[in-house]
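The values are calculated or read from the model by the stated rules, or taken from the named source; none is laboratory data. Since we're looking at a predicted model, the values are computed, not measured. Here the Cβ is made from the backbone with ideal geometry for all residues, glycine too, and neighbour counts use every protein chain on show.
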Amino acid sequence: MKRNAAQLLVECLLNEGVTRVFAVPGEENLDLVEALRQSSIDLVITRHEQAAGFMAACHGRLTGKSGVCLSTLGPGATNLVTAAAYAQLGAMPMVMITGQKPIKTSKQGHFQILDVVNLMQPVTHYAKQIVSAETVASRVREAFRQAEEERPGAVHLELPEDIAREPAEGLFPIIASQTRRPVAENKAIARAVEAICAAKRPLLMCGAGANRKLTSKMLQKFIGKTGIPFFTTQMGKGVVGGASECWMGTAALSDGDYVHRLIDHSDCIINVGHDVVEKPPFFMHRDERTVIHVNFFTADVDPVYFPQLEVTGDIANAIWHFSELIEPQPHWDFSFATKVRKALFDDINSGRVLNDFPIHPRRLVHAVRDAMPDDGIVSLDNGLYKVWFARNYRAVRPNTLLLDNALATMGAGLPVAINAKLDSPERKVLAVCGDGGFMMNSQELETAVRLRLDLVVLVLRDNAYGMIRWKQAEMDLPDFGLEFGNPDFVRYAESYGAKGHAADSVSSLERLLAEALNSGGVHLIDCPIDYSDSKRFIFDELPQLSAQLSAGTRQR
């Protein structure tokens, strides 16, 4: 059989270093599936296209190399849209390939045909239809280039059925050109260094854009040398590590937490890798403090973020320059930061005494942290528990707490955990999902069992959309429209061939986590959770306690 465009496309994927494709195939891409069968690429069949997209996006997040997912036309392609937005907003490199009816001759009219390319354009960097075998190599190379360059994200290629079968003799993949990111201009670095050295109470913030391996290494060096305290955004969590004595917490709440008092007290904030897709980690007010923007791109100015100085270029290189040029200054005063750190840790540790059941989310975080090794990966779905993990979980290493504070979609927790285990089979992986989010892609339990993964899924059950119910209560609205029923999760897990467990106390949860994480196979733990105290603590008690900490402290 002569080599066709589908086979050429697979050769292009191999040229880009692709080893795995997540897919729900259809009639229109069977030629591509056959080409994958003949290659060394592992084809992972999922039970829903959205899950395939989440898995591919997670691969991009963890490795910096594009994850790849495959679907058919029409409903298969539309099922990828949420995953595309997830990758695009979260800056995760991902390549989506969808099928399409023949474009030169078709005998089925408009059956299942949508303009998928235009549909994908608002949620991707690049969306193109491949219209001939001659354009396969250039389209694939450009797709991967745009997916992986800063700022990374989602791209889409559509391969029509007749184009996939076109002869491709004499056509070959395009080798990637060697490139290096532009670095910041020396004068911009010098101005930033001067401002940091002149400040009395500098503070460092690590955002989503700083969550890169080399940047993490440079930040650890800079913080270790200068002793400047730092905090993180939710998606920057773990960049340096909660084990550092300079860690001041995570900006997980909108305002009123201990870290926000430290922000108010600081006169210079070095904002590394801030990404406007996240909720603002702090609010700027004119003439209050100097904010230095360090990122690959210039700042997107909005009503709460308008930095005075910008260092634009490769982040790791800029932080390396800071490390070389900045020495600890005798006038720096981190005494208030020390008070904030102590108050924060006292508060976090107080959650250990909350042993009532159903479990309090603050106690839950301790149970999970105690069970997971430092390199263990926790994949969070979206719900009220995510706020507590973002605030209280001490991530010691980068990308060991995978959460989404960009699209913040439900349903990603389990698929992301599956990919994390595939990428790092030697590490412990735990998916933490609310009952609402879990049921949106719970069918992927079968995928995990079929792949013979060692994986633990913790389902937090409150029989409601808890985050929205919490917001409803905050708005003083009647409790309405947010409750639902659930299956017997233990039997549900067992029906897929997984092992099901039910926690009936805090101590039983701790025991089940330890046993499941150290046993083979897929385990699901059903754990009731009580969110009722969260509103009082977050909106009433915590702001009062943190205000007392800064009472009488001069702000500027």
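Things to note:
- Checking each residue in the range 405-432 for being assigned to a loop (DSSP other than H, G, I, E, B) and either aromatic (Phe, Trp, Tyr) or within 15 Å of residue 58 (Cα to Cα) (or both) picks out 405, 406, 407, 408, 409, 410, 411, 412, 424, 425.
- Residue in the range 28-47 that is farthest from residue 99 (Cα to Cα), counting only those that are β-branched (Val, Ile, Thr) and in a loop (DSSP other than H, G, I, E, B): 41
- Applying the condition of being farther than 21 Å from residue 503 by Cβ and acidic (Asp, Glu) to the range 440-487 and asking which residue is modelled with the lowest pLDDT yields 474.
- Conditions (1) within 23 Å of the chain's Cα centre (by Cα); (2) over 24 Å from residue 277 (Cα atoms); (3) part of a loop (DSSP other than H, G, I, E, B): number failed by residue 382: (2)
- If you go through the range 143-189 and pick out every residue that is assigned to a helix (DSSP H, G or I), in contact (Cβ under 8 Å) with a residue 12 or more places away in the chain and of a type outside the set (Gly, Ala, Ser), you end up with 8.
- Summed over the range 302-315, residues that are surrounded by fewer than 19 Cβ atoms within 10 Å (Cβ to Cβ), aliphatic (A, V, I, L, M) and within 23 Å of the chain's Cα centre (by Cα) total 0.
Quick grid of which residues meet (1) surrounded by fewer than 21 Cβ atoms within 10 Å (Cβ to Cβ); (2) closer than 30 Å to residue 447 by Cβ; (3) aromatic (Phe, Trp, Tyr):
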| residue | (1), (2), (3) |
| --- | --- |
| 342 | yes, no, no |
| 345 | yes, no, yes |
| 354 | yes, no, no |
| 391 | no, no, no |
| 401 | no, yes, no |
| 411 | no, yes, no |
| 414 | no, yes, no |
| 417 | no, yes, no |
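- Single condition residue 367 does not satisfy, out of (1) outside any loop (DSSP other than H, G, I, E, B); (2) small (Gly, Ala, Ser); (3) crowded, with 24+ Cβ neighbours inside 10 Å: (3)
- Only one of 376, 351 that is in contact with a His (Cβ under 7 Å, 6 or more places away or on another chain) and of a type outside the set (D, E, K, R): 351
- Among the residues of this structure, residue 409 counts as one that is of a type in the set (Val, Ile, Thr), within 24 Å of residue 251 (Cα to Cα) and in the same structural domain as residue 518 (by TED's automatic domain parsing).
- Of the criteria (1) part of a loop (DSSP other than H, G, I, E, B); (2) touching a Leu at 6+ places or on another chain (Cβ under 9 Å); (3) under 17 Å from residue 125 (Cα atoms), which one residue 61 fails: (1)
- Exactly one residue out of 88, 50 is under 27 Å from residue 213 (Cα atoms), touching a Ser or Thr at 6+ places or on another chain (Cβ under 9 Å) and not in a loop (DSSP other than H, G, I, E, B): that is 88.
- Unmet requirement for residue 362, which otherwise passes all of (1) part of a helix (DSSP H, G or I); (2) surrounded by 24 or more Cβ atoms within 10 Å (Cβ to Cβ); (3) not polar (S, T, N, Q): (2)
- Helices (runs of 4 or more DSSP H) contained entirely in the range 433-514, each with at least 1 residues that are of a type in the set (D, E, K, R), surrounded by fewer than 16 Cβ atoms within 10 Å (Cβ to Cβ) and touching a helix residue (DSSP H, G or I) at 6+ places or on another chain (Cβ under 9 Å): 466-474
- Residue check, residue 290 out of contact with any His (no Cβ under 7 Å at 6 or more places or on another chain), buried (at least 18 other Cβ atoms within 10 Å of the Cβ) and among the hydroxyl-bearing types (Ser, Thr, Tyr): yes
- Only one entry in 497, 434 is in the same structural domain as residue 403 (by TED's automatic domain parsing) and closer than 25 Å to residue 373 by Cβ, namely 434.
- Qualifying residue in the range 208-228 (condition: without any contact (Cβ under 8 Å) to a residue 24 or more places away in the chain, farther than 24 Å from residue 63 by Cβ and in contact with a Phe, Trp or Tyr (Cβ under 9 Å, 6 or more places away or on another chain)): yes
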